[in-house]
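Asks: Below you will find the structure I want to go over with you.
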């Protein structure tokens, strides 16, 4: 394993710099007619980015990891200066991330992580654990919590893969990116089956630290549900959970580490259930008569024993937007035609469903689902729509870069609730976003899809696009984001279904878990991280660093 | 809802005093030949039981719940003086429980619970939350933690039932016993599907507080996996988790409350997933060629998509014992004959499998399982064996009372591991128990079954029977229990798969979760329960009560 950079990615945006998803003139004109003209602002050049002068690290750190595993060049620091949320991209593109790690440290194994944390505890150095750096909620923001020096602990060298075939458990290093883990498992005929939109760049450690949900999580489970055990190196020692999670030995510490977002320690190993790589995958499109009818279909599927792996229901607005952007998001001509034949169904909602497994099992489940779909009044669009979705399943963030290039604001947020309160949540959050965009003087497009369906509830994933208030982008974003968050907590939804808490949702944790809940988390934080060095400013409402 | 006693139960043993499972002479003679003669010691009479004089409660408590909801008679105190573990029964039968609550307090709702806890925090009164009182690990032991006064908070009046049919979530009071909850749900055509051996007497709050697993948990999930949200009243306030558990908002506090065993607060409400009551249930018996072959079959079933709801594989010794005790544990003549026809299979292992759901689904899953069973060399015993198991599924504790009456020691303990390390765990724990029984001069019968099978691992449930060292029962038990626990933690198993931690396993929590894990739990405990009033001496290695 080497500590080299994993492929050149945009320092100011998402993924492969050679890959662009240009909006065709038709889509651009739809956008202009709906939200007005964008004001294009290209990103500055890398050398124009302003970051503070690096402060010197304690020598002990270089003694632990070796001088070659400390990176402190301009580019390396800029690349860890922010995550990949909308406000992060705005700041990066403007060349003003505001902060950057003093250095990037690349430990080679869990023992080095432990020694680095001991040193940082002793010397008062803040530590930001870093996997893929894809957080959209400020989860990797280099906030030093007032400690004066900050390192980003990049875990890319921790990429071990070990498989227990009998127990179908893979023990994975936190630095493995999604495709690296899947490739290693595929060689053994296995899969993890976890495919979030950030799959191509996000890391195993990040999946665990943020309770990631992937596109197939409705059927295969969220990442947190796949994890059997986990190792967390904290400033006061290592916390390792038992090999099997099926235990009655008190509160589940595994579930305390999952979602800890680097605020309690560094996840140095994740063991997760794997399964035989599916013989076949089948994705297809349907159109439901409306959002409510579509939700009822999803509910019946999720409450059956044959829920599809992938479940996605767009509301009428997202369905229209997908068609308008079809050149980019891959809804091809044939699919469009099929849809247009159904156009008398005003308010039709696009459904994407996917199955994986043995051929027989996919066939059986698909047939049962088709029965429920027909019974719910949905109309099949065929496999073309499914294939189009599959081809473009990781493209969202590329499209966002394109919209930012065109001078638009483009942001997403997600929440979840029980089925009986989903309608209410859908209504209040959508309205809150649209209303605040109006207040900002930038009326926008607000669309939504159900991204995951469970027996007891479902998630809602909102996307909104508006003109940018040039020079006041962060204020504009903050106002809209706050309105959405207030609406979510007011309706009893969770502040985040799969993006995690990070910097952006920390102020809502009291609403989410109550004061005693925050007290409980704070107590753990203070015990495991007595000097407050671990990822300051994330997860919990801001704490004073203890002496 | 009334606060009356729920049916007369044995104060010195398990369940209905009118129900006995007498061992027939044949079984008694098997027992004598294997472990020697018992020395029958009948329980003392209730009025002979010695408990300390009750100490007076703060008046404020009566002001909150009303005088009629405070019980301090001899019988009421004796009935909460111990749980239902083997050492508890030994002490109760001898009339020397050692301790008892000063009074039993019956709050009428969550608000009263909160007020009582506030008072107890202020006045320094220890509180033992109490549901069914069926703990077999000392979970309800009236240990005052040095505080001087102790109440048992009996939650039987908190028995609300509310159903969200759309979300298939039932919100249940912690005081509901298993059958009460199931009866209320059956009226709505629903079921929780949670049937531990203690089902008839254990409570919903207890299921949640101890991470209960039931006999159908292999297929339907453990109780902790069914819970969607939970309310915990702590001495410093109420912790309520969001309605839906599908969230990325940090560590899962729900998973901190599940398994908290009354040591952090009182669970006042549990919301759990329910499902349509099954159209049909089908249980049947099979015989595997040996324990290893049986485990391989269970593993293949658990790693498929058609794992049965109920899965139970006895080792050869348990299989023989079941047959010897057949009059009692219900393996009837016909089954016995079927088994005897197979007797050339030395070391044959009894398998019980159960399916529930629609007729079609049960048929389909059963057929798939039968294929795996035949492929693994197992031979069907038919539905008679399944019906016999079903008829006697809650009888274990009655049989234990019978063995105690005959003067034997009879104890059970359970653990779990990944499939790849199950053999090792089976060997070392069985050997440790047998060896220590020898050391005690009371060589015994040690038998085991796999009680739950998961994708990644399985649980082992050991039963041992031996002569009693009369007058030194607790020392004898402690020596054997310790040997078993040391073997479990040495092999990396969990110290408890579904009996919980309580008093008996608390010393092993450092081995289970490490020092940082215990630190994390202790930090939460100290924050939520700053005076250490909540269920002292349980869950965590003993802490000094904070001032």
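Quick grid of which residues meet (1) out of contact with any helix residue (DSSP H, G or I) (no Cβ under 6 Å at 6 or more places or on another chain); (2) more than 14 Å from every other protein chain (Cβ to nearest Cβ); (3) part of a helix (DSSP H, G or I):
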position	(1), (2), (3)
A:394	yes, yes, no
A:409	yes, yes, no
A:416	yes, no, no
A:421	yes, no, yes
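Asks: Quick check, is residue B:507 within 22 Å of residue B:211 (Cα to Cα), within 14 Å of chain A (Cβ to nearest Cβ) and modelled with pLDDT under 95?
Replies: no
Asks: So, one more: Can you name every residue in region A:228-240 that is at the interface with chain B (Cβ under 7 Å from one of its Cβ atoms), farther than 22 Å from residue A:195 by Cβ and buried (at least 24 other Cβ atoms within 10 Å of the Cβ)?
Replies: Residues satisfying the conditions are A:234, A:239.
Asks: Working only within region B:374-392, note down all residues that are under 19 Å from residue B:215 (Cα atoms) and not in a helix (DSSP H, G or I). Break it down into steps so the answer makes sense when it comes.
Replies: Taking region B:374-392 as the starting set, the residues that turn out to be under 19 Å from residue B:215 (Cα atoms) are B:383-392.
Matches in region B:374-392: B:392 only.
Asks: Right, another one. Given (1) within 14 Å of chain B (Cβ to nearest Cβ); (2) under 19 Å from residue B:524 (Cα atoms); (3) part of a loop (DSSP other than H, G, I, E, B); (4) modelled with pLDDT of 95 or more, identify the lone condition not met by residue A:546.
Replies: (4)
Asks: Ok, one more. Restricting attention to region A:87-111, which residues are in contact (Cβ under 8 Å) with a residue 60 or more places away in the chain and buried (at least 23 other Cβ atoms within 10 Å of the Cβ)?
Replies: A:89, A:92, A:106
Asks: If we keep just the residues of region B:423-432 that are in contact with a helix residue (DSSP H, G or I) (Cβ under 9 Å, 6 or more places away or on another chain) and within 12 Å of chain A (Cβ to nearest Cβ), which is surrounded by the most Cβ atoms within 10 Å (Cβ to Cβ)?
Replies: This residue is B:425.
Asks: Out of B:35, B:105, which single residue is within 25 Å of residue B:202 (Cβ to Cβ) and touching a strand residue (DSSP E or B) at 6+ places or on another chain (Cβ under 9 Å)?
Replies: Of the residues listed, the single one that is within 25 Å of residue B:202 (Cβ to Cβ) and touching a strand residue (DSSP E or B) at 6+ places or on another chain (Cβ under 9 Å) is B:105.
Asks: For residues that are surrounded by fewer than 22 Cβ atoms within 10 Å (Cβ to Cβ) and within 22 Å of the chain's Cα centre (by Cα), tally how many sit in region B:485-505.
Replies: Of all residues in region B:485-505, those surrounded by fewer than 22 Cβ atoms within 10 Å (Cβ to Cβ) come to B:486-487, B:489-492.
From the residues that got through so far, the ones that are within 22 Å of the chain's Cα centre (by Cα) too are B:486-487, B:489, B:492.
Count: 4.
Asks: Turning to a different aspect of this structure: It is to be established whether one or more residues within region B:523-536 are farther than 26 Å from residue B:118 by Cα and in contact with a strand residue (DSSP E or B) (Cβ under 9 Å, 6 or more places away or on another chain).
Replies: no
Asks: Could you list, in sequence order, all residues of region B:112-167 that are without any contact (Cβ under 8 Å) to a residue 40 or more places away in the chain and within 26 Å of the chain's Cα centre (by Cα)?
Replies: B:161, B:162
Asks: Tally up the residues in region A:506-543 that are assigned to a loop (DSSP other than H, G, I, E, B) and within 23 Å of the chain's Cα centre (by Cα), please. Let's see the steps before the verdict.
Replies: First, pick out the residues of region A:506-543 that are assigned to a loop (DSSP other than H, G, I, E, B): A:529-533, A:535-543.
Now restrict to residues that are within 23 Å of the chain's Cα centre (by Cα): A:535-542.
Qualifying residue count, region A:506-543: 8.
Asks: Taking the residues in region A:433-475 that are free of Cβ contacts under 8 Å to residues at least 60 places away in the same chain and in a strand (DSSP E or B) as candidates, determine which candidate is nearest to the other protein chains (Cβ to nearest Cβ).
Replies: A:457
Asks: Oh, and also: Give me a count of the residues in region A:246-259 that are more than 7 Å from every other protein chain (Cβ to nearest Cβ) and surrounded by fewer than 24 Cβ atoms within 10 Å (Cβ to Cβ).
Replies: 0
Asks: Conditions: (1) free of Cβ contacts under 8 Å to residues at least 60 places away in the same chain; (2) more than 11 Å from chain B (Cβ to nearest Cβ). Residue A:533 meets all but one. Number of the miss?
Replies: (1)
Asks: Just to verify a result, which residue in region B:39-64, among those that are within 16 Å of residue B:125 (Cα to Cα) and touching a residue at least 40 places away in the same chain (Cβ under 8 Å), is surrounded by the most Cβ atoms within 10 Å (Cβ to Cβ)?
Replies: B:61
Asks: Given the conditions (1) within 8 Å of another protein chain (Cβ to nearest Cβ); (2) closer than 30 Å to residue B:79 by Cβ, and given that residue B:199 satisfies all but one, which numbered condition is not satisfied?
Replies: Tallying (1) within 8 Å of another protein chain (Cβ to nearest Cβ); (2) closer than 30 Å to residue B:79 by Cβ, residue B:199 fails exactly one: (1).
Asks: Can you confirm whether residue A:371 is at pLDDT 95 or above, assigned to a helix (DSSP H, G or I) and over 24 Å from the mean Cα position of the chain (by Cα)?
Replies: On the way: at pLDDT 95 or above: yes; assigned to a helix (DSSP H, G or I): yes; over 24 Å from the mean Cα position of the chain (by Cα): yes.
Judged against the criteria, residue A:371 is a match.
Asks: Oh, and also: Which one of these does residue A:249 not meet: (1) over 30 Å from residue A:10 (Cα atoms); (2) under 23 Å from the mean Cα position of the chain (by Cα)?
Replies: (2)
Asks: Right, another one. Take the residues in region B:517-530 that are buried (at least 22 other Cβ atoms within 10 Å of the Cβ) and at the interface with chain A (Cβ under 7 Å from one of its Cβ atoms), then tell me which one is farthest from residue A:254 (Cα to Cα).
Replies: Once the filter is applied, the top-ranked residue is B:528.
Asks: On the basis of being free of Cβ contacts under 8 Å to residues at least 60 places away in the same chain, more than 11 Å from every other protein chain (Cβ to nearest Cβ) and either closer than 30 Å to residue B:297 by Cβ or not in a loop (DSSP other than H, G, I, E, B) (or both), does residue A:225 make the cut?
Replies: It is false that residue A:225 is free of Cβ contacts under 8 Å to residues at least 60 places away in the same chain, more than 11 Å from every other protein chain (Cβ to nearest Cβ) and either closer than 30 Å to residue B:297 by Cβ or not in a loop (DSSP other than H, G, I, E, B) (or both).
Asks: Quick check: is even one residue across region A:171-179 crowded, with 24+ Cβ neighbours inside 10 Å, within 11 Å of another protein chain (Cβ to nearest Cβ) and assigned to a loop (DSSP other than H, G, I, E, B)?
Replies: No; the residues of region A:171-179 include none that is crowded, with 24+ Cβ neighbours inside 10 Å, within 11 Å of another protein chain (Cβ to nearest Cβ) and assigned to a loop (DSSP other than H, G, I, E, B).
The values are calculated or read from the model by the stated rules, or taken from the named source; none is laboratory data. Just so it is clear, the structure is predicted and the values come from calculations on it, not from any experiment. In this analysis, Cβ positions are derived from the backbone assuming ideal geometry, glycine residues included, and neighbour counts consider all displayed protein chains.
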